[in-house]
Amino acid sequence: MTELSATRLIIDTDTAGDDAFSILLALKAPHVRLEAITICNGNVPFEQQIENALYTLEVAGASGQVPVWPGCPLPMLRKPVDATEFFGADGMSDANFPKARQRPEAGHAVDFLIDTIMSNPGEIEILAQAPLTNIATAYVKEPRIAKNLKHLWVMGGLDNSLGNTTPASEFNFYVDPEAAKIVVNAGFRLTLSTWTLTMKSGLLPDAALARIEAMDTPLSRFFMTISQAPFKRTAQRYGRPLSTHPDSLTCACLIDPAVMLETADCLVDVETQGELTRAYSSICTPLTPEEALIDKLWYADPPNARVIRRADTDRFAAMLIAALA
């Protein structure tokens, strides 16, 4: 088995449901050093997202070991949009967990991101599993972070399929499409994990779900508890309960590149003007130079993102089960 390289990671999150499982994966990977968690507007009320991140650290036995930095509580231009109907009012299937002992940092996540990236050029990776407000704001304040960040992993957008928020959009991009557009065009070394990939490769198999339930460990019970609201919502939407894992699948790809079975270098952009297509992510393979000379279209530009097209669901499930042991 190929030895995995050491990773210094920051997770930018709107902590609810699967966001927590992604954090657990990072905490449990021996070659990953989780430097910090930064909080962005998104799934549930902002202060609750902070508490969910802190409690996830505590239930994982990492209380006090990873700082949690509050970031942007609102999108750049839009009215806030949440996903409480999917995750419950507290983002954890209304489990009403007690407040964690650890408290959030006093500074702002955007300043932390800039300072950390610029002080450690080429060393830090970010997993952005929330709307991209924090990342876009940090870039606008200090554009040099795009070249100094080792890699940016983004869970967001659609790869030419139906969305989970509107037919044309995925939730993270829909909440703050202006931020998404800034980030995908900023020049980051970028890997994009879409909702399309989630529905293709990020559904936990029934056998894996049964195994997690039977494990009866503190973390497996945590998993089952906070999955109840998504189970009910997916049953209504898709006709049967689904265990959907957009964030933790993205984290698994980051932790172990062998999880990625197929990728493509693509040209990505985000729609911010359309009424019916708000946050539509245009993902295409750039034209060849010969085609570009003929057509002179915008997608003759070079690719700006690696898009994950297919992932190893069984390998991902095994990683998640190991993290919950």
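Here is how the numbers come out for the structure above:
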quantity: Relative contact order of the chain, pairs being alpha-carbon contacts under 8 Å that are 6 or more residues apart, as %; calculated: 19 percent
quantity: Rounded Å value of the spacing that divides the Cα centres of the stretch 72-116 and the stretch 221-254; calculated: 19 Å
quantity: Most mobile listed residue (Asn164, Asn134, Asn120) in the chain, GNM with C-alpha springs under 10 Å; calculated: Asn120
quantity: Quotient of C-alpha Rg and 2.2 N^0.38 Å, computed over the chain; calculated: 0.94
quantity: Karplus 3J(HN,Hα) series, Hz, for the stretch 63-80 with 6.51 cos²θ - 1.76 cosθ + 1.60 (x for Gly, Pro); calculated: 4, x, 9, 10, x, 10, 10, x, x, 8, x, 9, x, 5, 10, 9, 5, x
quantity: Mean Kyte hydropathy of -0.5 or more with a Cα span along the axis of at least 18 Å, helices from DSSP in the chain; calculated: 46-59
quantity: Candidates Pro98, Pro205, Pro80, ranked by Gaussian network fluctuation over the chain, Cα under 10 Å, top entry; calculated: Pro98
quantity: Student exercise, the stretch 7-323 dipole from Lys, Arg, Asp, Glu Cβ charges, in Debye to nearest 20; calculated: 320 debye
quantity: Peptide ranges 265-278, 37-50 listed from the most packed, as the mean C-beta count within 10 angstrom indicates; calculated: 37-50, 265-278
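Laboratory data are not the source of any read-out in this text; all were calculated from the coordinates shown. Predicted, not measured: the structure shown is a model, and the values here were computed from it. Here the Cβ is made from the backbone with ideal geometry for all residues, glycine too, and neighbour counts use every protein chain on show.
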